[in-house]
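Bear in mind these aren't lab numbers, they're just calculated from the coordinates by the rules spelled out. All of these numbers come straight from a predicted model, not from anything done at the bench. So basically every Cβ, Gly included, is an ideal-geometry build from the backbone, and we count neighbours across all protein chains shown.
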Amino acid sequence: MCIFCDIVEKKIPSKVVYEDDQVLAMLDINPLSKGHTVILPKKHVDSLLESDEETVLACAKVAHLLSKHICEKLNADGCNLLVNSHESAGQSVNHMHFHVIPRYKNDAVIVLNEPAPSIDLDEVLETIKY
Ligand code: 5GP
Ligand code: ZN
C-alpha cells in the first residue's frame, strides 16, 4: 500500500479533477503552478519503468485530454507533461504518475532546463538506437 493507493480508495481525501475505471487525476497538494494536476492509475504500479503498456496508455490518454482542458479553462499559455521515474529522477511517491504543469508567460517554474555537459551523441545513439 502507498499514499496514492490510499487516495484512490478515498481513505485520504483529494481534489479530484477527473476519474474513470482505470485512472484518477487530482490537484497536486504542493502545486508548481496554478492547475498543477497529477494523473495516476488506480492500480498500483511503482513507476513508468515497471508499468505495462496498457496502464501507461490509459494515463497518457487522460494526460492529453486534461492538458488541453486545464490550459483552456485556466488560460494557460502552455504546459509541461512530466513523469519522474525512480528516486534519481525526482520521484518521491512510488506509484506512477504523470504531472500536468500549466505554464504562464514569465512564470518562475523551473523544469529540467540545465543541459548536461559534454555527452558524445554518436556513442549514445549507437547504444540506444532501437
Ligand atoms: P514526484 O516527486 O513523485 O514526481 O511527485 C509526487 C507529487 O505528489 C508531488 O508533486 C507532491 O506534491 C504530490 N503529493 C504528495 N503527496 C500528496 C497527497 O497526499 N495529495 C496530493 N494531492 N498530492 C500529493
Ligand atoms: Zn500505490
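Could you work out how far apart the two model spin labels at Glu126 and Ile12 are, taking each label as a point 7 Å from the Cα in the direction of the beta carbon, and quote it in nm?
4.6
Over the stretch 3-128, what is the relative contact order in percent, taking alpha-carbon pairs closer than 8 angstrom and at least six residues apart?
The value is 24 percent.
Long-range amide H contacts for Arg103: which residues qualify at under 5 Å (H placed 1.01 Å from N, peptide plane, sequence gap of 5 or more or a different chain)?
Asp77, Gly78, Cys79, Asn80
Step through the residues of the stretch 58-63 one at a time and calculate ³J(HN,Hα) from phi using the Karplus curve (6.51 cos²θ - 1.76 cosθ + 1.60, θ = phi - 60°), rounding each to whole Hz and writing x for Gly and Pro.
With coefficients 6.51, -1.76 and 1.60, one gets 4, 5, 5, 4, 5, 4 Hz.
Under a cut-off of 18 Å between alpha-carbon atoms, report the lysines in cross-link reach of Lys34, not counting same-chain residues fewer than 8 places apart.
Of all the lysines, those that pass the test against Lys34 - Cα under 18 Å, at least 8 places apart if same chain - are Lys15, Lys68, Lys73, Lys105.
Mind listing the Cα extents of the chain along all three principal axes, in Å, largest one first?
48, 37, 23
How much length would be gained if the chain were fully extended between Val109 and Glu19, taking 0.36 nm per residue of separation minus their Cα-Cα distance, in nm to one decimal?
Details: separation 90, 0.36 × 90 = 32.40 nm, distance 2.70 nm.
Result for the pair: 29.7 nm of gain on full extension.
For Asn94 and Glu50, calculate 0.36 nm times their separation in residues minus their Cα-Cα distance, and state this gained length in nm to one decimal. Can you show the working numbers first?
On the way: separation 44, 0.36 × 44 = 15.84 nm, distance 1.07 nm.
Answer, rounded to one decimal: 14.8 nm.
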